[in-house]
Amino acid sequence: MEFKNIDKNLNKILTKIAREKVGKDIEPGKDYIPASGKVLFEQDLLYGVEAVLDAWLTGGRFNAEFEERLASMIGNKRVLTTNSGSSANLLAFATLTSPKLGDKALKAGDEVITVASGFPTTVNPILQYHCIPVFVDVSIPGYNANVAMLEEAVSSKTKAIMLAHTLGNPFDLDAVMAVAKKHDLWVIEDNCDALGAEFDGKKTGTFGHLATCSFYPAHHITMGEGGAVLINDPKLIRIAESMRDWGRDCWCETGHDNTCKNRFWGQYGNLPFGYDHKYVYSERGFNFKITDIQAAIGLSQMERMEPFAEKRRYNHAYLTNLVKSELGDMMIVDEAHPKALPSWFGCTFTLKENFPKNRHALLQYLEDHKVGSRLLFAGNILKQPGYLDMPHRVVGPLDNTDRVMNDTFWVGSWPGLEDKHLDYIAEQMVDFVNENK
């Protein structure tokens, strides 16, 4: 992408400013080591400035190139950017409610198989469209759906499966897609934590009917706030495009009119003949678009998508091996499916029964020693205050889900961390155990 607005002199000034804003080193023991974080380069900020100086602001040339390049890198026919990963999840689900899908459209009362231990916005779209989440337990380690329970979870009301690749670790796509094919179910892959991951040599986000990404600062690449829906089916592409853009029937790009050459000559619904096609709404949609500034930063970040994923894999293996060698008899470490190549969002650990104290005590110790940690999101969403009275169905006991809620946590593997940070994190865990034996 060539700069149209930044000449050599301005580039020197902006580069100096940008260099001062990125690349601050984290000193273990002195600085806080966050569980997640962004890695920015000077070029990322310069791309953002270039987009501002276009004075276009809404989605434009940077967004168009971002969507095209991400689709090519992952292997999708179409990528639609959105203002967040959560919006992407909602848009993906909403697409499957379109009347254009006939009897296959999701309707109130339909069931959707998922898990209770994930992030709320994987479940929220199901509830927002008055469908019924059907919860199956997860496996430990791996923290993805126990696929042995999927067949039992299917009922005459089941219409879809919506699952996340937990913390960048792909779920068993062979098993999930086999159940979906057998029962003619929609599949939505929540790929927000797994950009760059693979299953059986193919990128995650390409298996389901729809998939989603997030570009929040904690994620694999960032544009600040932002997300995307990944699609291959042409019919779903058209529905999703409409729903993202207010539900309009018109397919003109922003700033363009009358692409169809029929703007004032159509008959739509019960509207008067010739009603302006730009104001015809065939779906009950949203405005989930992003700015070109966000897209510009994301486009620059995309150049490092694969190196970032490789660094996450290295960091995860390094820290996991350290902890396993020192505390493997007290802590369960991550494992991936044999066909999976994760793009790890973090390093996950579950305390065994012989761990000297509880998780709360350990995480407080880590926090006091400037090591950030996170829980595995909702733990068990059925026990969250905002979800106590939600309609749902549970298949079998959620014993592992409850164990995740009580005993599981994760720490950073993001690409801004080096061996010295991972050594320090492991040392603090070992020190805690030694002090509390």
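Every number here is computed from the coordinates shown, using simple stated rules; none is lab data. Everything quoted here is computed from the prediction, not taken from an experiment. Cβ sites come from the backbone with ideal geometry, for glycine too, and all protein chains shown count toward neighbours.
Structural remarks
- Modelled spin-label separation between ASN9 and ALA64, with each label point placed 7 Å from Cα along the Cα-to-Cβ direction: 3.2 nm.
- Report note on the peptides 158-164, 66-72, 141-147: ranked by the mean count of other C-beta atoms within 10 Å, highest first, their order is 158-164, 141-147, 66-72.
- Nearest-0.05 FRET efficiency for MET330 and GLU306, computed from C-beta distance (R0 25 Å): 0.10
- Most to least packed among 383-394, 318-329, 180-191 [average Cβ atoms within 10 Å]: 180-191, 318-329, 383-394
- Rounded to the nearest 20 debye, dipole of the chain from Cβ charges on Lys, Arg, Asp, Glu: 1040 debye
- When percent of Cα pairs over 39 Å apart is calculated for this entry, the matching label among (i) 19; (ii) 14; (iii) 24 is (iii).
- Model label points for SER72 and HIS130, set 7 angstrom from Cα along the Cα-to-Cβ axis, are 4.5 nm apart.
- Largest GNM mean-square fluctuation across THR122, THR15, THR81, computed for the chain with C-alpha springs under 10 Å, falls on THR15.
- Taking packing as the residue-averaged number of other Cβ atoms within 10 angstrom, the listed peptides 85-96, 283-294, 223-234 run from highest to lowest as 85-96, 223-234, 283-294.
- Neighbours of LYS21, meaning other residues whose beta-carbon lies under 13 angstrom from its beta-carbon, give a summed charge of +1 when Lys and Arg score +1 and Asp and Glu score -1.
- Surrounding net charge for THR81, when Lys and Arg each add one and Asp and Glu each subtract one, Cβ distance under 14 Å: -3
- Cα-based shape type of region 305-436, given that a ≥ b ≥ c are square roots of the gyration tensor eigenvalues and the cut on a/c is 1.5: oblate
- Region 269-315 and region 394-437: distance between their alpha carbon centers, rounded to Å: 35 Å
- Reach of LYS311 by Cα under 18 Å, taken over aspartates and glutamates that are not fewer than 8 positions away in the same chain: ASP25, ASP193, GLU198, GLU303, ASP334, GLU335, GLU418, ASP419, ASP423
- Full-stretch length increase - VAL430, LYS261 - with 0.36 nm per residue and alpha-carbon distance subtracted: 53.9 nm
- Region 267-311: C-alpha gyration tensor shape, a/c 1.5 cut-off, then a/b vs b/c: prolate
- GNM top mover of ASP137, ASP276, ASP245 - the chain, alpha-carbon springs below 10 Å: ASP276
- Within-14-Å neighbourhood charge of GLY226 [Cβ basis; K, R +1; D, E -1]: -1
- Counting only Cβ charges, +1 for Lys and Arg and -1 for Asp and Glu, the dipole size of region 305-436 around its Cα centre is about 440 debye.
- Three-way shape label, region 1-67, alpha-carbon gyration tensor, a/c 1.5: oblate
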